[in-house]
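Just below is one structure, and these are the notes that go with it.
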Amino acid sequence: MGFRWVTDVGFTGPDKGEGGKYLLLPPGYKGEAPPGYHIVHSPTVSLWAPWRTFLEDGSPAPGVERVKRFTKIYPLADADKPASPMKYVNLSGKPFSTIVDLYFGPNAPAGLESNWIPTMGKEPYLWLRLYGPEEAFWDKTFEMPDVELAD
């Protein structure tokens, strides 16, 4: 499964940190969206929603508690019903990898559509984000491997 950004929440999102409701719409949705939502058009029907919070007085607890208190995910048809309790998975200090092979190009490789990033006939822009960079980043000896062209 590839990862593709679809929106931000909080200070960097359309709610500008004021809170709000987000309506995540599937690919090709043509219907009317109800008022009162920040509308997000997803390129897939599967979404992964990680939250990042900030330390307060050196502790992650206040941010984590806000996410748990204010985050509710439910089908639009159930918007007038109480939301079911959410299940949260704490990955702090646990091995976790988001390394995936991604395929860039105008057409998806057969069987690898979930890892395909369409270029729409344009040259792709590659970005690198390092989490917990190692010494090679800091001493500037890190070398990005070449991008491999696939058929």
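The values are calculated or read from the model by the stated rules, or taken from the named source; none is laboratory data. No experiment lies behind these values; they were computed from the predicted model shown. Cβ: placed from backbone, ideal geometry, glycine included. Neighbour counts: every protein chain shown.
So for segment 80-100 (the condition being closer than 28 Å to Pro118 by Cα and touching a residue at least 24 places away in the same chain (Cβ under 8 Å)), does at least one residue qualify?
Yes, segment 80-100 has at least one match.
Could you tell me whether any residue of segment 59-80 is touching a Leu at 6+ places or on another chain (Cβ under 8 Å) and within 15 Å of Arg4 (Cβ to Cβ)?
no
Please go through (1) closer than 21 Å to Val67 by Cα; (2) assigned to a loop (DSSP other than H, G, I, E, B); (3) of a type in the set (Phe, Trp, Tyr) for Phe11 and return the number of the only condition it doesn't satisfy.
Among (1) closer than 21 Å to Val67 by Cα; (2) assigned to a loop (DSSP other than H, G, I, E, B); (3) of a type in the set (Phe, Trp, Tyr), Phe11 violates only (2).
Select, from Pro34, Pro60, Pro43, the only residue that is within 30 Å of Pro118 (Cα to Cα) and at pLDDT 85 or above.
Pro34
Out of the residues in segment 30-47 that are part of a strand (DSSP E or B) and β-branched (Val, Ile, Thr), which is farthest from the chain's Cα centre (by Cα)?
Ile39
Could you check how many residues of segment 101-120 are in a loop (DSSP other than H, G, I, E, B) and in contact (Cβ under 8 Å) with a residue 12 or more places away in the chain?
Counting residues in segment 101-120 that are in a loop (DSSP other than H, G, I, E, B) and in contact (Cβ under 8 Å) with a residue 12 or more places away in the chain gives 6.
Condition test on Tyr22, is it surrounded by 14 or more Cβ atoms within 10 Å (Cβ to Cβ), assigned by TED's automatic domain parsing to the domain that holds Asp78 and either among the aromatic types (Phe, Trp, Tyr) or in contact (Cβ under 8 Å) with a residue 40 or more places away in the chain (or both)?
Yes: the conditions hold for Tyr22.
Name the one entry in Pro27, Pro50 that is in the same structural domain as Val67 (by TED's automatic domain parsing), surrounded by fewer than 13 Cβ atoms within 10 Å (Cβ to Cβ), assigned to a loop (DSSP other than H, G, I, E, B) and modelled with pLDDT of 85 or more.
On inspection, the qualifying residue turns out to be Pro27.
Would you be able to tell me the number of residues in segment 85-121 that are among the small types (Gly, Ala, Ser), more than 30 Å from Arg66 (Cβ to Cβ) and modelled with pLDDT under 80?
Residues that pass the stated criteria total 3.
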